[in-house]
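See below for the structure under consideration.
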Amino acid sequence: MKHATVVKLILLPPLAGAILLGYWIASGRMSRLFSALAGRGAVYEMLAARPDPPEPSSPPAAALPDDSAAFTAVEALAVRDLLWFGHSDSLDARFADYTARARGDVAAEDLLYDAYDVSFAAVDDRFGPSLDDWVTARPDSRYARLARAAWQVNVARSRRGTASARNTPRQSFVAMETALKQALADLAVAIRVDSSDIAGYWIAMNVAQLRGDRRGHRLALRRALILSPASAFTRARAMMGLLPRWGGSYAAMDSLARDAMRYAATNPQLGSLAGFVHWDRANARWPRGDTTSRLAHLDSAMASGPNYWFCLDRGRQDLQLDHYDLALADLSCARSARPARVEPHYLLALTFWNVSGRGGIEGYNAFHWALDEMHTAMALDSSDADQRRQAHELESAARGGQR
């Protein structure tokens with residue numbers, strides 16, 4: 001790869017920060033501090049204190065994904081603008097719409113999750129006060145509570161970091177736990193207000209995973225599936241908590257994928273669940289040089305049915321190998337599936353930048369597409385130092401008249 005060689009270092013594969021943390025939990029190397037954290041089973045206790053949600057009279061229907069079933073970068077930035085300017089009523093209305101779309105269409109569940117996870121993911125000092133203002137203005141709004149909980153989960157991940165336990169300061173664990181307790185408090189209110197909002201159980205699964213609360217994770221999964229029995233997205237989220245690095249197993253992942261197939265006629269996307277074991281085996285080989293084996297596992301994962309994670313990781317590997325046309329196809333697949341997420345835009349920017357070296361009209365167009373994708377990535381989240389450096393170099397090349 002001629003440009004942007006830092007791609008070999010970024011992201012560790014998707015969720016790799018969480019996966020690496022999971023390795024330290026599952027291997028027994030997590031510090032005694034984390035193992036002894038108060039309320040480790042608090043997610044289970046919070047959920048068990050309330051009855052199961054009522055089964056919906058009309059569960060989310062089968063539908064094929066289309067452009068309307070994706071949460072876009074433009075929407076994420078619009079949500080943040082509403083938050084910065086204190087438009088609480090408009091925020092509630094917008095999230096009510098996202099929730100209604102997910103309740104009517106299993107293909108729109110990614111949209112609802114990303115509305116919370118992406119909109120409130122960037123490192124920005126305005127999030128805390130602005131989310132507090134939303135909750136203050138509308139204390140019984142489950143949307144405000146879920147938004148603040150989703151943000152606190154992202155804060156917890158950031159505060160913990162991805163270093164091994166022995167290399168992580170005690171205060172990082174304490175800071176993570178503080179954020180998770182605050183997230184759990186908001187979740188309890190949101191679920192009390194409306195136990196039929198599936199987003200609450202997705203966020204609860206994230207909290208349970210970070211705390212090692214296995215029973216809480218299972219209960220949140222079960223309740224989410226009561227609300228949307230044919231959900232591929234819920235089960236894909238659960239797969240992350242069933243990875244061996246998180247104390248799960250490939251047998252448990254395979255079992256979840258097989259059980260889901262009874263709903264395959266309702267939701268064909270469920271077939272892709274069978275690829276998660278191959279996807280994780282591929283990640284276990286990163287960043288070592290076993291690219292042949294890694295690609296074979298990624299190809300096997302994709303054969304089960306493409307999804308965001310499979311497309312993203314195979315595109316990343318294609319880029320590593322300077323297979324730019326293949327990378328463009330896979331990364332475009334990832335961007336189409338989850339267009340508000342930062343990683344596809346950033347990796348597409350790097351790929352187009354490399355393609356621009358071909359020269360001619362193809363190179364000219366590719367360079368400007370690289371700029372467009374990098375601008376989108378930076379607008380969504382500019383907290384990553386490597387991404388900022390690459391963006392600066394690309395902008396410098398543009399000002400210097402490279403293309």
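None of the figures in this text is laboratory data; all of them are computed from the coordinates on show. Keep in mind that what you see is a predicted model, and the values were worked out from it rather than measured. Here the Cβ positions follow ideal geometry from the backbone for every residue, glycine too, while neighbour counts run over all protein chains shown.
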Expressed in whole Å with the largest first, what are the equivalent ellipsoid semi-axes of the stretch 256-377 derived from the C-alpha gyration tensor as the square root of 5 times each eigenvalue?
-> 29, 17, 11
Using θ = phi - 60° and the Karplus curve 6.51 cos²θ - 1.76 cosθ + 1.60, what whole-Hz ³J(HN,Hα) does each residue of the stretch 215-221 get, with Gly and Pro shown as x?
-> 5, x, 4, 5, 5, 4, 4
Can you list residues whose amide H is under 5 Å from residue 383's amide H, if they're 5+ apart or on another chain and H is modeled 1.01 Å from N?
-> 123
Along Cα→Cβ, 7 Å out, is where each label goes; now give me the distance between the ones at residue 252 and residue 196 in nm to one decimal.
-> 3.1 nm
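What are the semi-axes of the equivalent ellipsoid of the stretch 69-171, taken as the square roots of 5 times the eigenvalues of the Cα gyration tensor, listed largest first and rounded to whole Å?
Numbers: eigenvalues 133, 62, 28 Å².
So the equivalent ellipsoid measures 26, 18, 12 Å along its semi-axes.
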Residue 55 and residue 332 label points (each 7 Å along its Cα→Cβ direction) are spaced in nm at 4.4 nm
What does the highest-first list of 202-215, 256-269 look like by mean Cβ count within 10 Å?
-> 202-215, 256-269
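What's the ranking of 171-181, 361-371 by average number of surrounding C-beta atoms within 10 Å, highest first?
Numbers: 171-181: 18.4, 361-371: 16.5.
So the order, starting with the most tightly packed, is 171-181, 361-371.
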Nitroxide proxy distance, nm - points 7 Å out along Cα→Cβ at residue 158 and residue 392 = 2.0 nm
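Using per-residue counts of other Cβ atoms within 10 Å, averaged over each peptide, order 106-119, 297-310, 227-240 from highest down. List each step's numbers first, then the result.
Values: 106-119: 24.9, 297-310: 21.1, 227-240: 23.3.
Ranking, from highest mean packing down: 106-119, 227-240, 297-310.
How long are the semi-axes of the equivalent ellipsoid of the stretch 225-307, taking √(5λ) for every eigenvalue λ of the Cα gyration tensor, in whole Å from largest down? Walk me through the numbers on the way to the answer.
Working: eigenvalues 115, 41, 15 Å².
Working through the eigenvalues yields semi-axes of 24, 14, 9 Å.
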For the chain, state what percent of all Cα-Cα pairs lands in each successive 10 Å bin, counting from 0 Å until the bin that includes the largest distance.
-> 5, 22, 33, 28, 11, 2, 0
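Quick check: net charge around residue 131, other residues with Cβ under 15 Å of its Cβ, Lys/Arg +1 and Asp/Glu -1?
Values: positive: 80, 94, 126, 138, 142, 145, 148; negative: 81, 92, 117, 124, 125, 132, 133, 186.
Value of the local net charge: -1.
If you take the square roots of the eigenvalues of the alpha-carbon gyration tensor of the stretch 192-273 and sort them as a ≥ b ≥ c, do you get rounded (a/c under 1.5), prolate (a/b over b/c) or oblate?
Values: a/c = 2.38, a/b = 1.08, b/c = 2.19.
Note, shape of the stretch 192-273 comes out oblate.
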Starting from 0 in steps of 5 Å, tell me what percent of the Cα-Cα pairs of the stretch 322-403 lands in each bin.
-> 3, 17, 27, 25, 18, 8, 1
Sorted by chain and number, the residues with a modelled amide H under 5 Å from that of residue 105, at a separation of 5 or more or across chains, are 61
For the chain, calculate the relative contact order in percent as a whole number, restricting contacts to Cα pairs under 8 Å that are 6 or more residues apart.
-> 20 percent
